[in-house]
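The block underneath contains the structure these notes are about, expressed in structure tokens.
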Amino acid sequence: MSMYPIASYTTTASGGDATITLSSIPATFTHLQLRVFARDTTSGTGMTGGYMRFNGDSGGNYARHYVEGDGASATSGASSPSQFSAGQFLVMPKAGDTANAWATWVIDILDYANTNKNKTMKGIAGVDLNGSGQVYLGSSLWMSTAAINSILLGASTNFAQGTRVDLYGISTSNATGA
Amino acid sequence: MSPLPVFAAGSNAAHGAIVPIAKYVADGTTVSPSFSNIPQGYQDLMLVSSVRSSATTSSLVSLYILPNGDSSNNKSVTTLNGNGSSAASARYTTSPFEYSANVPTQQSAPFVFGTQITHILNYANTTTYKTILTRWACDLNGAGLTGINCVLYPYTTAITSLTAIVDGVVNLVAGTTFTLYGVRSIGQ
């Protein structure tokens, strides 16, 4: 199994980006991994969340489950299908939260090019703000068998300047399947 | 938002994104293995480890990862874990160590090592604090713990070294391994 960089994006605009879209994703890999370093421009404190969409689908075709820890208790939740449910465990600091603190997300999308399966993504996400913070183990379902050829990451308001997104393709060996 | 540049097949495409930097294998006599002079040319770091402590306690013990040898009381961590019957979360602030995971000891089920994958994104950036996210697990056939720890290292300094320590600063059992990888992005 080998991983290759497909695309990279850094938010450079001082006002940030409301969405970041990775398009023209080649279908030649077996799995995808997103590695994201993010912060949101939403005013105030208390952290906020992002979301994901695939292939420009803004319909209510996404669902999610998660387990979350906030430093005091652990909770689990789910959501009914909606257009914002994918990736709703993707926590970020708000503009008023601890300066210079950023979220880390590592998201795997398995069999993204398979046209016989609805798509399931799983990920881990975390923010620690020295006195507050959240960590998530989450999953989301996109109820479509279409191969994923684009991924949209959405912010609560905007992704802050310096937000970084890297998309990788994971290949398998034809010989061993490993 | 215009489409992002997609990485085209070319000379760099022949190289995988995950590049091994260094590996440590414990012989049973080392307390705190360290990776120093970490190259600054990757986008992220990924530390993959398999750890067992020589502590004599029967409970799992903590594994800490120190960036840049810094043991000052400035770390904060948010944890989430499950023990087979319930889930819990906790926070530790003003800690001298980066609490990254729980690992078995010599009193745990034989031959069982805890596994951890630690992600340090933007580790070479000098304008942001560092967030260290670890997914870890340890199953002892009847007991166990699995979780995620998120550590804030509140410095904008680039990470140039990583040191591993377990509770009680005792030896790591022979066979403990730490493998450090660089995760390269496009153009790296």
> When only Cα pairs under 8 Å and 6 or more residues apart are kept, what is the percent relative contact order across chain B?
Replying inline: 39 percent
>> Can you tell me which lysines have their Cα less than 25 Å from the Cα of B:LYS75? Leave out same-chain residues fewer than eight positions away.
In response: A:LYS94, B:LYS130
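Please give the net charge around B:PRO104, taking every other residue with its beta carbon less than 14 angstrom from that of B:PRO104, where Lys and Arg add +1 and Asp and Glu add -1. Don't skip to the end; give the middle numbers.
Numbers: positive: B:ARG52; negative: B:ASP139, B:ASP167.
Charge balance in the 14 Å sphere: -1.
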>> Of B:CYS150, A:SER150, A:SER73, which is farthest towards the positive pole of the protein assembly as shown's charge dipole, taken about the Cα centre with +1 and -1 on the beta-carbons of Lys, Arg and Asp, Glu respectively?
In response: A:SER150
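Please state the shape class of segment A:82-178: rounded when a/c is under 1.5, otherwise prolate if a/b exceeds b/c and oblate if not, all from the C-alpha gyration tensor. List each step's numbers first, then the result.
Numbers: a/c = 2.35, a/b = 1.88, b/c = 1.25.
Because a/c hits 1.5 or more and a/b exceeds b/c, segment A:82-178 counts as prolate.
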> Counting only residues 5 or more places away or on other chains, whose amide H sits under 5 Å from the amide H of A:ALA74 once H atoms are built in the peptide plane?
Replying inline: B:SER89
> Residue by residue, what Karplus-based ³J(HN,Hα) values in Hz, rounded to whole numbers, does segment B:64-69 have, using 6.51, -1.76 and 1.60 with θ = phi - 60° and x for Gly and Pro?
Replying inline: 10, 10, 9, x, 6, x
> How high is the relative contact order of chain A, in percent, with contacts defined as C-alpha pairs under 8 Å that are six or more residues apart?
Replying inline: 41 percent
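FYI, it's all coordinate maths here, none of it is from the lab. Computed from a predicted model, the values in this text were never measured in an experiment. Note: ideal-geometry Cβ built from the backbone for every residue, glycine included; neighbour counts use all protein chains shown.
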